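The values are calculated or read from the model by the stated rules, or taken from the named source; none is laboratory data. Everything numeric in this text was worked out from a predicted model, so none of it was measured. Here Cβ is always computed from backbone atoms with ideal geometry, including for glycine, and neighbour counts include all displayed protein chains. In case anyone asks, the SASA skips ligands and DNA or RNA and just uses the protein heavy atoms, side chains included. Shrake-Rupley method; radii C 1.70, N 1.55, O 1.52, S 1.80 Å.
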Amino acid sequence: MTESEDCLFCRIRDGEIPGEFVHRDDKAFAIRDISPRAPVHILIIPTEHIPSVGEITDAQLPVMGTLTGIANRLAKSEGISESGYRLAINNGPDAHMTVPHLHMHLIGGRSLGAEG
């Protein structure tokens, strides 16, 4: 089994596992986090299997702009663009990255406090 065949997000992308999609196109998709840390907690995931932000290649760098653009549009549609929101990307075990597929967290809907 390849890395992407065993990947939770790839399996959600392919419809093998259900997910609550709030965005989907040929470059990325977004789903609601199953363990939300705030009223709005959405995962924005590139369609291409990229193991982590630390492994992104120069050719894959445009995906970061794609993820950020989707996050900004979702923040508006979720009603949190004015009050504020956090975008987070975890990389590696010390950052508590639990799924080895690059993804961005869009978190908001309440005061989030300091991070780190």
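List of remarks:
- Residues (within 18 Å of residue 31 (Cα to Cα), open to solvent by 60 Å² or more (accessible area, probe 1.4 Å) and in contact with a Gly (Cβ under 6 Å, 6 or more places away or on another chain)) located in the stretch 53-94: 85
- Here residue 50 meets the list (1) on the phi > 0 side of the Ramachandran plot; (2) crowded, with 16+ Cβ neighbours inside 10 Å almost entirely, failing just condition (1).
- Within the stretch 11-26, residues that are without any contact (Cβ under 8 Å) to a residue 40 or more places away in the chain and in a strand (DSSP E or B) have Cβ atoms under 8 Å from residues that are β-branched (Val, Ile, Thr) and crowded, with 16+ Cβ neighbours inside 10 Å in these pairs: 21/31, counting only partners at least 6 apart in sequence or on another chain.
- Yes/no for residue 38 being small (Gly, Ala, Ser) and open to solvent by less than 30 Å² (accessible area, probe 1.4 Å): yes
- Scanning the stretch 1-28 for residues that are under 19 Å from residue 91 (Cα atoms) and open to solvent by less than 80 Å² (accessible area, probe 1.4 Å) returns 4, 7, 8, 9, 10, 28.
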